[in-house]
Structure formats: C-alpha cells, structure tokens
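Novice: To start, I am sharing the structure in question, which I have written as structure tokens.
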Amino acid sequence: MTGDAKVNRPGHAVLVTPFSVSSQWVSAEIGAFLSHGKRVTPILNHVERQAILPLLGVKAIDLNDLQRFLMELKDRLGRARAGEE
C-alpha cells in the first residue's frame, strides 16, 4: 500500500475525554489501530494530546474543531468511493 492510499482511507475516530484518558482500553484501542496501519483521529475533549502516549505523532482534533474534521472526513469518503483509494 502506498502512503497516498493510506491518506484516502476514512479511518476511525476516537473521542478522548478526561474520563476515558485514564482508561487503559482507550490507549490500547488507539495503539491497535496504529499498529495495524489504520488511520485514527483522536477527538480531544478537555484533554491535552500528551495525556495519551499513543497519540504522539498522531494528528488529533480538538472537539471545538469537529466541524472541520467532519468536512475532511466527507472529502476522504468521497475520494474512497470514487476509487481514488
């Protein structure tokens, strides 16, 4: 798979909150997505990126920027459906 193909896949979104940040399962799920080459976008709600170790080097979105994320996701889905994947 080329890097371009990976960019065009829609991927997964994970909501990270002050409550979920202390959960070992949230970190494990993010790590599992990344280790399998899956695209993951953490959506941060009152949490700093440094609070979850697997987020280092991953583009996260602040909950206040959710509209921008949804627009980017719509574009990626459109490219994937058009066969640009």
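Every residue, every condition in (1) of a type in the set (S, T, Y); (2) free of Cβ contacts under 8 Å to residues at least 12 places away in the same chain, yes or no:
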| position | (1), (2) |
| --- | --- |
| S27 | yes, no |
| V40 | no, no |
| N45 | no, no |
| V58 | no, no |
| D65 | no, yes |
| G83 | no, yes |
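Novice: Looking for something assigned to a helix (DSSP H, G or I) and out of contact with any strand residue (DSSP E or B) (no Cβ under 6 Å at 6 or more places or on another chain) - is there at least one such residue anywhere in segment 35-43?
Specialist: yes
Novice: Here are the criteria: (1) more than 19 Å from L73 (Cα to Cα); (2) out of contact with any Pro (no Cβ under 8 Å at 6 or more places or on another chain). Tell me which single one S27 does not satisfy.
Specialist: Going through (1) more than 19 Å from L73 (Cα to Cα); (2) out of contact with any Pro (no Cβ under 8 Å at 6 or more places or on another chain) one by one, S27 breaks only (2).
Readers should treat all values here as calculations from the given coordinates under stated rules, not as data from a laboratory. What you see is a predicted model; the values in this text were computed from it and never measured. All Cβ positions, glycine included, derive from the backbone under ideal geometry; neighbour counts span all protein chains shown.
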